[in-house]
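K.L.:
Pasting a structure here, questions to come.
Please treat every number below as a calculation from the coordinates, not as lab data. These numbers were taken from a predicted model, which means no experiment stands behind them. Here the Cβ positions follow ideal geometry from the backbone for every residue, glycine too, while neighbour counts run over all protein chains shown.
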Amino acid sequence: MNLRHSLELALPGVLIGAVAGAIAGGLTLLVGQPSGLVLAVPLAIFGGLYGTLLGKGFFRPGAFGPAGLYWMLAFPVARLIQESLTGLGMRDGVLLFLAYQALVSVGFAIGFIWMHERIMPHWLLRRAGDNPRAAALLDSYVQQARRISR
């Protein structure tokens, strides 16, 4: 898979992660905390990586378990990066912070996967003609749709 094909598969996840991080950052600004917009960058990176891994077959369309585990690792790392860069510190220590973020990540994962499953097939329809990996992934989505419609 060449770089362009990988980037095309990553784009929906990048956008979802960036928007989610920007929304969270905007909410932190409303309550007077330092800018949480820093969260948009790692969430965009991890969102893009999710799309790339999906294209390589590490995840299956319609399967939440593996994707949930992915975000259970990725989301706490993204939050750790945010907290480290904003300088707020972690009052209860890094381990408790990461454990709490792992719990919160399940909610984020549900929202991310839900959005990704709504956006990705439409994107794949546009890219399948030029991107063989997009065509293969689109076929996976079609097969999943057929399985659940029976």
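K.L.:
What pairs come out if I take residues in segment 79-106 that are in contact (Cβ under 8 Å) with a residue 24 or more places away in the chain and pair them with residues that are among the polar types (S, T, N, Q) whose C-beta lies under 9 Å away, six or more apart or interchain?
P.N.:
Here the result reads ARG79/GLN101; ARG79/SER105; THR86/THR28; THR86/GLN33; THR86/SER35; LEU88/GLN33; LEU88/GLN82, each pair linking segment 79-106 to a residue that is among the polar types (S, T, N, Q).
K.L.:
Another question, then. If we scan segment 57-67, do we find a residue that is more than 21 Å from ARG126 (Cβ to Cβ), hydrophobic (A, V, I, L, M, F, W, C) and assigned to a helix (DSSP H, G or I)?
P.N.:
yes
K.L.:
Which of the numbered conditions does GLY62 fail, given that it passes all the others? Conditions: (1) buried (at least 22 other Cβ atoms within 10 Å of the Cβ); (2) in contact (Cβ under 8 Å) with a residue 40 or more places away in the chain.
P.N.:
Of the numbered conditions (1) buried (at least 22 other Cβ atoms within 10 Å of the Cβ); (2) in contact (Cβ under 8 Å) with a residue 40 or more places away in the chain, the odd one out for GLY62 is (1).
Matching residues to (1) surrounded by fewer than 13 Cβ atoms within 10 Å (Cβ to Cβ); (2) assigned to a helix (DSSP H, G or I); (3) in contact with a Pro (Cβ under 9 Å, 6 or more places away or on another chain):
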{"position": "GLY107", "(1), (2), (3)": "yes, yes, no"}
{"position": "MET115", "(1), (2), (3)": "no, yes, yes"}
{"position": "MET120", "(1), (2), (3)": "no, yes, yes"}
{"position": "GLY129", "(1), (2), (3)": "yes, no, no"}
{"position": "LEU137", "(1), (2), (3)": "no, yes, yes"}
{"position": "ARG146", "(1), (2), (3)": "yes, yes, no"}
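K.L.:
So which of GLY55, GLY51 ends up being surrounded by 16 or more Cβ atoms within 10 Å (Cβ to Cβ) and over 11 Å from the mean Cα position of the chain (by Cα)?
P.N.:
Only one candidate qualifies: GLY55.
K.L.:
Looking at LEU54, LEU39, LEU3, can you tell me which residue is aliphatic (A, V, I, L, M) and closer than 17 Å to ARG118 by Cα?
P.N.:
Result of the check over LEU54, LEU39, LEU3: LEU54.
K.L.:
Filter segment 85-104 down to residues that are of a type in the set (Gly, Ala, Ser) and either assigned to a helix (DSSP H, G or I) or within 20 Å of TRP71 (Cα to Cα) (or both) and give me whichever is nearest to the chain's Cα centre (by Cα).
P.N.:
ALA102
K.L.:
Only one residue in LEU11, LEU29, LEU39 is surrounded by 20 or more Cβ atoms within 10 Å (Cβ to Cβ) and either polar (S, T, N, Q) or touching a Gly at 6+ places or on another chain (Cβ under 9 Å) (or both). Which one?
P.N.:
Step by step, each of LEU11, LEU29, LEU39 is checked, and only LEU39 is surrounded by 20 or more Cβ atoms within 10 Å (Cβ to Cβ) and either polar (S, T, N, Q) or touching a Gly at 6+ places or on another chain (Cβ under 9 Å) (or both).
K.L.:
I would also like to ask the following. May I ask you to list the residues in segment 79-120 that are within 30 Å of ALA145 (Cα to Cα) and of a type in the set (Phe, Trp, Tyr)?
P.N.:
PHE108, PHE112, TRP114
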